[in-house]
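Notes follow once the structure below has been shown.
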Amino acid sequence: MRFRLRALGIEQFARLVSCFAALALRELAARPLDWAMGAERRAARRAARRAAAARRVAATLGELKGPFAKAGQFASLRYDVLEPEVREAFASLQDRVSPLPFSEVAAVIEAELGAPVEALFAEFEQEPLGSASVAQVHRARLTGGEAVAVKVQFPWLEHSLRADLALAGGLLARLGRRRASGIDSRRLFQEFAASLVQELDFTHEADVAEEIAANLAHEAQVVVPSVHRSMSARRVLTVSYLPAIAITDRAALEQRGIPVRAVLETLARAYAKQVFVDGLFHADPHPGNLFVVDEPEAAVRPRVLFVDFGLSKRLSPRLRRELRGGIHALLRQDVAGFVDAMERMNMIAQGARDAVQAAVASMFERIRREGAVLGLGGAQVLALKDEAKRLLAETPGLQLPNELLLYAKTLAFLFGLGEWLDPQTDLMRISVPYLLRFLAERDG
């Protein structure tokens, strides 16, 4: 019955209506008091209420999981569509959400693999290692003795996806209405929805994991878990498990004598190869997906572990071609050429070219003042990232494809991690050979 209510959208709709009704009542109660205050204090009170309301909506999306939590994560990247307080609140959805009871997890495994959990695994830990927006992961042991991690999709998603996407799309359209002048929000959400449908097919994730593993096979210090195909299906994914330390846990890395510079250099080579050479990259870098393998050899030759390839992106040949042209234009300080490439990628709303070109010119001038593009340090790259985010938020009619935002987010995470772990490590120097190889490619 619960899945039937989810499939019809009734449960989700009721939760959202309850959330917004409570917020509306709170706003009605607070408004009369605003007029008893000065303009500055009144504005501060309203801003505080908007931020609190955004946090309440984000919490509701996290509880609903699935497309709602994913839509919140997507919204946190949309500087071109949503207000800052909404994005900031939704950024919390990058963290773990509450897990499901084990009985519901076991039912999915039995339905997908055709046998009870106890018949399939020698051991299976009921407490999950982590719980995210569409699935949770449990540690287990195969009957042959190998340690594995089992990713299990939340059971209602296949029933409720259509209703979930309709409601999530309507919610984001409402939240973005004030900022979305000239922005094709419908196209942006359709890109998100198509990506999510793909992400819910764990057989596709297994294919991507194996392809990225093959692409990085030359790098001995990179580990991609091997997929156990016989123990995997559309909603269950079983991969090898290795004890590991979160890549952001600097104290634990230092305690074990693991050289963070070597970790960063390995990670930089791996991501530079993916984004500039292969065009297929792990697009969800965060502390729950990137680790250092916890083994005695880590003090000498640390190995970086990538997990969870559900959100991976393959840049289309067209986008790679325009991106290459855009970087060439940046190196030449050719503002018009850069904006031409943006127009070819439908990144500029009708009538907005002049404003966008002025914003790009301002960005190019900032980059010119920083020095040679290929010689920028991590702190400079992060400062330019913040400037780009500001321009994106403040320039009407400018919109980025989702895959390009994920591309930028991935590179920004890499440089931010470098500044956190070891600012002396020159990640740009490591990345430049791969970038030059990308720029030298001939367009097909």
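Every read-out reported here was derived from the displayed coordinates using simple, explicitly stated rules and does not represent laboratory data. For clarity, every value in this text was computed on a predicted model and none was experimentally measured. FYI the Cβ positions are ideal-geometry reconstructions off the backbone, even for glycines, and counts take in every protein chain you see.
Before moving on, here are some points about what is shown:
- Projecting the Cα atoms of A217, L290, F364 onto the dipole axis of the chain, where Lys and Arg carry +1 and Asp and Glu carry -1 at the beta carbon, places F364 farthest toward the positive end.
- Pairs of lysine residues in the chain that meet both criteria, 8 or more places apart or on different chains and Cα atoms under 15 Å apart, total 4.
- Dipole magnitude of the chain about its Cα centre (Cβ charges: Lys, Arg +1; Asp, Glu -1), debye to nearest 20: 1640
- Translational diffusion of the stretch 108-175 was estimated from the Stokes-Einstein equation, with Rh taken as the Kirkwood radius over Cα pairs; at 37 °C and 0.692 mPa s the coefficient is 235 µm²/s.
- Positive-end extreme of charge dipole, the chain - chosen from L113, A336, A270 (charges on Cβ): A336
- The fewest-to-most ranking of W420, W35, W156 by surrounding Cβ atoms within 10 Å reads W35, W420, W156.
- Computed over the chain, Kirkwood Rh from alpha-carbon pairs, angstrom: 23.7
- Taking a ≥ b ≥ c as the square roots of the Cα gyration tensor eigenvalues, the stretch 265-363 comes out prolate, since a/c reaches at least 1.5 and a/b is larger than b/c.
- As a proxy for reagent exposure, ranking H328, H218 by other Cβ atoms within 10 Å from fewest up yields H218, H328.
- Two-decimal log10 I(q)/I(0) for the stretch 198-333, as the Debye equation yields it once each C-alpha is a single scatterer, q = 0.10 Å⁻¹: -0.38
- Charge dipole (the chain, unit charges on Cβ, about Cα centre) - positive-most of T425, F192, T238: F192
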